[in-house]
């Protein structure tokens, strides 16, 4: 299970505030199919929200622990029926870094002031 510092956790909570849940855990609980879906969402997004339909706080806490242990993720927040989970994806970070390097123009044209002649 991945551990986060308090500063990292605070920043991730702020980033997760605007997110919508991408996975739901319903009456069947945390099945293998749900774990695979969470894994694929973590690969794509790194930071996700999971909605748990159930009233038992102990069950939600157990789901969060199981997700973090099995998928090598970090628990960011457990608030109400929402779980926020983070797992760093080095491939995504490398792709984003290379995309930002290639998308920047070598030299941008300079703007000049034009005088108005009326």
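The values are calculated or read from the model by the stated rules, or taken from the named source; none is laboratory data. This one's a predicted model, so the numbers in the text were calculated from it and none came from an experiment. All Cβ positions, even for glycine, are placed from backbone atoms using ideal geometry, and neighbour counts span all protein chains on display.
A few points about this structure:
- Whichever residue in region 1-43 is outside any loop (DSSP other than H, G, I, E, B) and in contact with a helix residue (DSSP H, G or I) (Cβ under 8 Å, 6 or more places away or on another chain) and, among such residues, is farthest from residue 89 (Cα to Cα): 25
- Region 55-108, residues that are modelled with pLDDT of 75 or more, part of a loop (DSSP other than H, G, I, E, B) and at negative phi: 55, 56, 73, 81, 87, 88, 89
This table checks each residue for (1) out of contact with any strand residue (DSSP E or B) (no Cβ under 9 Å at 6 or more places or on another chain); (2) surrounded by fewer than 19 Cβ atoms within 10 Å (Cβ to Cβ); (3) within 17 Å of residue 31 (Cβ to Cβ).
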residue	(1), (2), (3)
45	no, yes, no
49	no, no, no
55	yes, yes, no
61	no, yes, no
70	yes, yes, yes
79	yes, yes, no
83	no, no, yes
93	yes, yes, no
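- Count of residues meeting criterion [under 19 Å from residue 12 (Cβ atoms) and either exposed (fewer than 14 other Cβ atoms within 10 Å of the Cβ) or free of Cβ contacts under 8 Å to residues at least 40 places away in the same chain (or both)] in region 31-43: 3
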